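Some notes on the structure that comes next.
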Amino acid sequence: MVTIGQQLKTIRRILNLNQAQMCAGILSESFYSKVERGVSDVSFTKLLALLNIHNISLYDFFETFDEENLPNVKLKKEIHSAFNNRDISQLRKIKDSLDDIKSVESLKVNLMLA
């Protein structure tokens, strides 16, 4: 599971910043390093300040942490892609792979196939 520190490090690398640039005077560089390594925890206020100064939305930052919902998001994308591409065989494969016949996704696929 991804930690706050790991996510900060990932974003810092994407932005091509060093730790001093990332902590931007909001945290000391040594404390920020400890946060990235998981040794210390950053307060929400300081985290929000870090994200704001680098124009990173809370949604973008925390999207990675939504692992529980990720399979549902992927399934919805597959369903919509197959429907938009009029790929009946893919919709049938998705329908066959769904365990719960009464799930919302299963009902959507059945409607799309109708």
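Of note:
- Computed over the range 8-72, the percent of Cα pairs more than 15 Å apart is 52.
- Carbon/sulfur fraction of accessible area - the chain, other protein chains in place, 1.4 Å, %: 52 percent
- Rounded to the nearest 10 degrees, the inclination of helix 44-53 to the longest alpha-carbon principal axis of the chain is 90 degrees.
- Working note: Karplus 6.51/-1.76/1.60 with θ = phi - 60° gives the range 13-28 the couplings 5, 4, 7, 6, 10, 8, 5, 5, 5, 5, 6, 6, x, 7, 10, 6 Hz, where Gly and Pro are set to x.
- Helix 70-84 vs. the chain, principal-axis angle (Cα, 0 to 90°, nearest 10): 50 degrees
- Here, the range 1-45 has an Rg and a Dmax of 9.7, 28 Å when only alpha carbons are counted.
- Surface accessible to a 1.4 Å probe, per residue, for the residues of the chain, Å²: 70 Å²
- 5 Å binning of all Cα-Cα separations within the chain, expressed as whole percents from 0 upward: 2, 10, 18, 16, 9, 7, 8, 9, 10, 8, 4, 0, 0
- Using every pair of separate Cα atoms, the Kirkwood estimate puts the hydrodynamic radius of the range 41-92 at 13.6 angstrom.
The values are calculated or read from the model by the stated rules, or taken from the named source; none is laboratory data. Note that the coordinates shown come from a computational prediction; the quantities given were computed from them, not determined experimentally. Side chains included, ligands, DNA and RNA excluded: accessible areas come from the protein's heavy atoms. Shrake-Rupley method; radii C 1.70, N 1.55, O 1.52, S 1.80 Å.
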